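The values are calculated or read from the model by the stated rules, or taken from the named source; none is laboratory data. Bear in mind that the values here come from a model prediction, so they are computed numbers and not experimental data. Here Cβ is always computed from backbone atoms with ideal geometry, including for glycine, and neighbour counts include all displayed protein chains. Protein only, heavy atoms only, side chains kept; ligands, DNA and RNA dropped before computing areas. Shrake-Rupley method; radii C 1.70, N 1.55, O 1.52, S 1.80 Å.
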Amino acid sequence: MSDPTTDSPVIPASSGSSAPLYLIDGSGYIFRAFHALPPLTRPDGTPVNAVYGFCAMILKLIEDLKAERLAVIFDAGRRSFRNDIYPEYKAHRPEAPEELVPQFPLIRDATRAFALPCIEMVGFEADDLIASYARAARDAGQEVVIVSADKDLMQLVRDGVALMDPMKAKRIGADQVFEKFGVAPDRVVDVQALAGDSTDNVPGVPGIGIKTAAQLIGEYGDLDTLLARASEIKQPKRRQNLIEHADKARMSRELVRLREDVALPDPLDSLHVGEMVPEVVLSFLEQQGFSSLIAKLRPHLGHIKPVTGGSAGAGAAAVADEISEAGRQYELVQDEAALARWIEAATEAGIVGFDTETTGLDPHRASLVGLSLAVSPGRACYVPLRHVAAAEKQGALDLSAAQGGLDLAGDGGGHGGATGDDGAPPAQIPVGRALEMLKPLLEAPGVLKVGQNIKYDMIIMAREGILVSPIDDTMVMSYALDGTRHGHGMDELAQIHLGVTPISFDAVTGRGRDRISFAAVTLDRACAYAAEDADITLNLHRMLKPRLAAEHVRALYERTDRALVPVLARMERRGIRVDREALGRASREFADAMAILETRIHELAGESFNVGSPKQLGEILFDKLNLPGGKKGKTGAYATGADILQKLVVEGHELPAKVLEWRQLAKLKNTYADALVETINPETGRVHTSFALTITTTGRLSSNDPNLQNIPVRTVEGRRIRRAFVPDPGFVLMSADYSQIELRLLADIAGITTLRDAFRDGIDIHALTASQVFGLPVEGMDPMVRRKAKAINFGIIYGISAFGLAQQLDIPQSESRRYIEAYFERYPGIRDYMERAKADARAHGFVTTIFGRKCWTPDISAKNPALRAFAERAAINAPLQGSAADIVRLAMVQLDRALEASPLGARMLLQVHDEILLEVPVAEVDETTALVRQVMQDVVSRPVPYVVEVGIGDNWDAAH
DNA sequence: GCACTCACG
DNA sequence: GACGTACGTGAGTGCT
């Protein structure tokens, strides 16, 4: 067994005897935390998000790394000696945002409150002090770990000096430096001197970036040699630039090279983690309202009294304190009287945290094992329903170790006292009786049931005959508020908003081979885990709910996202019928065809190999047969994607053609024909997907287990799969899809009157684009020209690039560039829209849909131009894709209501982004068509019509 | 666990 | 003449 401490990725190779010295780049961290964390203010309005991030990081470092020697180092101001060398150094940087300014002194206060050395020096940047301390420590034979994400510090990496990214907990060694700069750490300054750095305004040599710089340094050894021998450079422009800007390069090197000779403000041996004074730390944290951190820290401070009673109006403070071990009262409910008390308390409160425990992740197969209720912070219970005799395995699990040192359960392990005798199930209220008692509460219109991903619990309960309503969902709330800035799992939300680490599921049930069913968990453990989840859910609700209105997403959440939850639950529960035999036949035929293709492929290759292995295929094609094509990617493997193989086919090669056919069949057989049959639920005989509402950056849903949003449609072979999706007897399938919804939104949002009128008049939009770009009449448009225009329209929606369009149409970039110019000349408003989207993203970090959903674009200001360009295109696309997603969400909510209110028997089955698939009684087709079309088209009232096309069939393909 | 490939809108 | 590309997903397979 390996010692767990050796798994830490950040401990440098051991050499010296004293503990490693951690040098923390305080200034770098402030900016990073400020931009990474959502706004957070003290009750008095002072912004403290960066302070919070800083404190959390420091506590984690001390705890995780058991750091003994440490210093936090700051910039002392904007000016440094570098401004004397080059006045423009960092001169273009804007002033710090006003929400950040008051946090600078607070972070220094925090450092001192934690009893940590806090170091800065006028005239030098934090990086210089870090370099100087690292140098001194290394000279003294001590190990150093620099905690920073700043690439400028990479030059310091060497034996005994490691760099570590505080957020990713990733160690950056010489290898990672080489990945970034293409040279060893000791040559990083030379590369930076040549390439310059736009964020710091270091000029470098024009026309040279990191790649070229690394190549040059690799060739000539170092900057001075390169400059001395610049006349040998072959490329004329590059040679001239190197000669002309040699001085600038040398100066740039002075700017980027860190000073290692700064007089140390505090002696090296004074940098140790001091003893925290509880009153000082707690009073500081309380002033900031960081009760979650107080809760976390208190066990480490020994037995001290809570600070002043004033919970200062901070919701977070009260909540986190109650979550801390002292304030919790979790009760195991094993008799009817106790359950009745909890039901009464929940009814009284009008709101209840609710969670179910089951035997698995799939809500359509798992069975209910127990459920938990939380009525106020810290007060929660667990009601076991179908527990069996406890498994023996769990006695070996160390529950407290899995909680990161906080014994939240107050139960250090051992056998639960409430468990029954060996072999017999533990005492529980008979499940039928318990559910009978709970049903009125869970269905009571006056009691809000709050869950975390409550769709899961609603499906489980629906299978028990209970329709949970009304509901709130903290996961969905979190998504409406913060989009994809972070995930929305309970553990992550608890950490972010409450500062607690819930007991992990794995700690309760074990993992891998040793995993036991939740039904076999002892009741004490089950209660500690399950009641905590309900408790945390209710506490998250308190934190998130007020933010909805404050951050202007309340209507979005309540009318669109939350309203969709029960609709999706019903759809998932209903499932869709799939013809098992049809898929079986397809599978066998695909297999036969593949076998024939495989024989021919091996024949053409002259040897037998695994056609399914891109690596082996690449070697056959490009090494053995010497076909034209090249290496690609970091792995050095040949690219063998469909586009590459298709090019070879055009050149007349048979082997790649056969491989393409084989791949298509392999995909259809493995991913669809075979896998889909496995997902047919034995109880219902139908396939039940799960729709995720909180995954995508734009507000789209996603579908998984199985994914029913990517069923083949584009090829005849593929449509065989689609034909296996069939209605119940007496029903037909109805497909209703929004026509050109994203292009309509573009016309709408960008206010393009020509396009708007074309949509109003029902004109063929691709033919219109062709006419505008190529100057041809719409009437009698050549289909090939129309195809190009269609690609342009798609490209526009994706944030067009000459490269992408050229790739798509297989034309030279010069040609695609001309098309794009012609397009923008005709539609200047669309270019304006794109610029506006990018500017919005830069200003706020997000763009919005017409419903006010925020789509976050974190890389919009990335230094890496590729990353930034990616984010810019996403910023252009997101309002279009996202508004479409909102419209469809709302359409589903309203259609569900309309169908409910009508006598019609139609039911929604699936959503595929711009399509809703329904099952409709044969006799009601006409009436349902009219209703569906009306509801969907009238979801929004805008200047551009949103037209819906409806198809009917006795399978999904036919309905299309 | 990651890279590659490919299915969909 | 630097970057490496169309936007958004989920799943199966091969390979380390």
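Among residues of the range A:547-563 that are within 15 Å of A:T849 (Cβ to Cβ), those with a beta-carbon under 7 Å from a residue that is surrounded by fewer than 17 Cβ atoms within 10 Å (Cβ to Cβ) at least six positions away or on a different chain give the pairs A:H552/A:G852; A:V553/A:G852; A:L556/A:G852. Take the conditions (1) more than 10 Å from DNA strand B (Cβ to nearest atom); (2) of a type outside the set (K, R); (3) open to solvent by 30 Å² or more (accessible area, probe 1.4 Å); A:E717 misses just one of them, which is (1). Per the conditions (1) closer than 14 Å to A:K658 by Cβ; (2) open to solvent by 70 Å² or more (accessible area, probe 1.4 Å); (3) touching a residue at least 60 places away in the same chain (Cβ under 8 Å), the sole criterion not satisfied by A:E598 is (2). For beta carbons closer than 7 Å, sequence separation of 6+ or different chains, a first residue in the range A:422-450 that is assigned by TED's automatic domain parsing to the domain that holds A:L385 and a second that is open to solvent by 40 Å² or more (accessible area, probe 1.4 Å) and in a strand (DSSP E or B), the qualifying pairs are A:V447/A:I351; A:L448/A:I351; A:V450/A:I351.
Right, A:K647: at pLDDT below 85, open to solvent by 30 Å² or more (accessible area, probe 1.4 Å) and among the basic types (K, R) or not? Considered against the rule, which asks whether it is at pLDDT below 85, open to solvent by 30 Å² or more (accessible area, probe 1.4 Å) and among the basic types (K, R), A:K647 comes out as no. Flag: A:R513 matches the condition of being surrounded by fewer than 17 Cβ atoms within 10 Å (Cβ to Cβ) and either within 30 Å of A:A390 (Cα to Cα) or within 16 Å of DNA strand C (Cβ to nearest atom) (or both). Looking only at residues of the range A:117-144 that are of a type in the set (A, V, I, L, M) and in contact with a Gly (Cβ under 7 Å, 6 or more places away or on another chain), we find that the one that is surrounded by the fewest Cβ atoms within 10 Å (Cβ to Cβ) is A:V122. Anything in the range A:608-637 that is open to solvent by 80 Å² or more (accessible area, probe 1.4 Å), of a type outside the set (S, T, N, Q) and either within 16 Å of A:A657 (Cβ to Cβ) or more than 16 Å from DNA strand B (Cβ to nearest atom) (or both)? List them, or say none. Residue satisfying the conditions is A:K624 alone. I'm trying to understand the selection: among the residues of the range A:83-103, which are closer than 30 Å to A:P203 by Cα and open to solvent by 50 Å² or more (accessible area, probe 1.4 Å)? Answer for the range A:83-103, where residues must be closer than 30 Å to A:P203 by Cα and open to solvent by 50 Å² or more (accessible area, probe 1.4 Å): A:D84, A:I85, A:P87, A:E88, A:A91, A:H92, A:R93, A:P94, A:E95, A:E98, A:V101.
Of the residues making up the range A:835-856, those that are open to solvent by 30 Å² or more (accessible area, probe 1.4 Å) and of a type in the set (G, A, S) number 2. Being within 24 Å of the chain's Cα centre (by Cα) and hydrophobic (A, V, I, L, M, F, W, C) is the filter here, so list the residues in the range A:506-533 that pass it. None; the set is empty.
Taking the range A:47-75 as the range and being touching a Pro at 6+ places or on another chain (Cβ under 9 Å) and open to solvent by 30 Å² or more (accessible area, probe 1.4 Å) as the test, the residues that pass are A:K60, A:E68, A:R69. Total residues in the range A:256-272 satisfying the condition of being assigned to a loop (DSSP other than H, G, I, E, B) and open to solvent by 40 Å² or more (accessible area, probe 1.4 Å): the figure is 10. When the range A:551-579 is filtered for residues that are basic (K, R) and within 20 Å of A:L918 (Cα to Cα), the ones remaining, listed by number, are A:R570, A:R573, A:R574, A:R577. One residue alone among A:D859, A:D832, A:D764 is open to solvent by 70 Å² or more (accessible area, probe 1.4 Å) and either hydroxyl-bearing (S, T, Y) or more than 27 Å from A:K647 (Cα to Cα) (or both), and that residue is A:D832. I'd like to check something: does the range A:815-832 contain any residue that is within 16 Å of DNA strand B (Cβ to nearest atom) and either among the charged types (D, E, K, R) or under 30 Å from A:F774 (Cα atoms) (or both)? No: zero hits. If you go through the range A:571-629 and pick out every residue that is within 30 Å of A:Y456 (Cα to Cα) and of a type outside the set (A, V, I, L, M, F, W, C), you end up with 7. Filtered by the rule that a residue be at pLDDT 95 or above and either of a type in the set (G, A, S) or crowded, with 24+ Cβ neighbours inside 10 Å (or both), the range A:356-366 gives A:T356, A:E357. Across the range A:822-847, the number of residues qualifying as more than 11 Å from DNA strand C (Cβ to nearest atom) and within 21 Å of A:T753 (Cβ to Cβ) comes to 15. One residue is enough: does the range A:186-200 have a residue meeting the conditions buried (at least 21 other Cβ atoms within 10 Å of the Cβ), without any contact (Cβ under 8 Å) to a residue 40 or more places away in the chain and not hydrophobic (A, V, I, L, M, F, W, C)? Yes, the range A:186-200 contains a residue that is buried (at least 21 other Cβ atoms within 10 Å of the Cβ), without any contact (Cβ under 8 Å) to a residue 40 or more places away in the chain and not hydrophobic (A, V, I, L, M, F, W, C).
As for the range A:672-681, it holds at least one residue that is away from DNA strand B (no atom under 16 Å from the Cβ), within 30 Å of A:D579 (Cα to Cα) and in a helix (DSSP H, G or I). Of all the residues in the range A:775-813, those that are farther than 22 Å from A:I763 by Cβ and open to solvent by 70 Å² or more (accessible area, probe 1.4 Å) number 7.
What's the number of the only condition in (1) closer than 24 Å to A:T694 by Cα; (2) crowded, with 16+ Cβ neighbours inside 10 Å that A:R897 fails to meet? Here A:R897 clears every test but (2).
Of all residues in the range A:140-193, those being under 19 Å from A:I208 (Cβ atoms) and hydroxyl-bearing (S, T, Y) number 0.
Return the total of residues in the range A:665-697 being under 19 Å from A:A593 (Cα atoms) and touching a residue at least 24 places away in the same chain (Cβ under 8 Å). Residues in the range A:665-697 being under 19 Å from A:A593 (Cα atoms) and touching a residue at least 24 places away in the same chain (Cβ under 8 Å): 8 in total.
So is A:D514 in contact (Cβ under 8 Å) with a residue 24 or more places away in the chain, closer than 27 Å to A:K854 by Cβ, acidic (D, E) and not assigned by TED's automatic domain parsing to the domain that holds A:P43 or not? Criteria not met by A:D514. Of all residues in the range A:47-63, those that are free of Cβ contacts under 8 Å to residues at least 60 places away in the same chain have Cβ atoms under 7 Å from Cβ atoms of residues that are aromatic (F, W, Y), 6 or more apart or on another chain, in A:N49/A:F34; A:A50/A:F34; A:F54/A:Y29; A:I58/A:F114.
Within the range A:854-869, restricting attention to residues that are of a type in the set (A, V, I, L, M, F, W, C) and modelled with pLDDT under 90, the residue that is nearest to DNA strand C (Cβ to nearest atom) is A:A866. For the range A:333-355, the set of residues classified as open to solvent by 10 Å² or more (accessible area, probe 1.4 Å) and part of a strand (DSSP E or B) consists of A:I351, A:D355, listed by residue number.
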